1. Rounded to the nearest 0.05, what FRET efficiency is calculated for GLN100 and LEU35 with R0 set to 22 Å and r the Cβ-Cβ distance?
2. Using a basic spin-label model with each label point 7 Å from the Cα along Cα→Cβ, how many nm lie between THR48 and LEU93?
3. In nanometres, what is the gap between the two model label sites at ALA14 and VAL27, each 7 Å from Cα along Cα-to-Cβ?
4. For the Cα atoms of the chain, what angle does the longest principal axis make with the long axis of helix 72-102, in degrees from 0 to 90, nearest 10?
5. Starting from the Cα of ASP6, step 7 Å along the direction of its Cβ; do the same at THR57; then give the gap between the two resulting points in nm.
6. Using helices alone, what [θ] at 222 nm do you get for the chain, with -39,500 (n - 2.57) per DSSP H run of 4 or more residues, divided over all residues and rounded to the nearest 500?
7. In whole Å, what are the Cα extents of the chain along the three principal axes, biggest one first?
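Every number here is computed from the coordinates shown, using simple stated rules; none is lab data. Just so we're clear, the structure is a prediction, and the values are computed from it rather than from any experiment. Backbone-built Cβ (ideal geometry, glycine too); neighbour counts: all protein chains shown.
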Amino acid sequence: MPYLPDQAVILAVAVMGVSAFMIVPTVMMLPPQILGQSAAGTGYGILTACLSLAVATAPPFIGFIIDLTGMLTVSFIGMALFPTVGAITAYTLKCGLEIQSANPDTKKTSTQG
C-alpha cells in the first residue's frame, strides 16, 4: 500500500510530533536520577556530546545507505534499528540498576593471593 489516505497521514504526523516532543524532557531528567546531583553536570555533558555526534553523523550515514542501496526502505529500517537497540540497552541497564539498588548489601570484594 504505497499511499495512505490524508487522515492517516495527518494522524501519523501528529503522533510522531507528540512522541518527539516527549523524548527531550524525558532524556534530560535522567542524568541527575542515574548519577546523582553531584555528577549531573558531567552526565549532561556526555549526553549532549552523544546527541551532537548523532545529529552530525546520522544524515550522511543515511544518505550513504540510500546511495548504496538505492532504496529508502533500508534507510528507514536503519533509522528504526538504532533507537530500538538503544531502548533495549537502556531497559537492560535500568533493570540492572533496580537489581543493584534492591540489594544494597552486595559489595565488591577483592581477593589478594
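1. After rounding, the FRET efficiency stands at 0.95.
2. Output for this residue pair reads 1.8 nm.
3. The answer from the label model is 2.6 nm.
4. Helix 72-102 and the main axis of the chain meet at about 20 degrees.
5. The two pseudo-label positions are separated by 4.2 nm.
6. Value at 222 nm, helices only, nearest 500: -28000 deg cm²/dmol.
7. Principal-axis extents of the Cα atoms in the chain, largest first: 65, 34, 27 Å.
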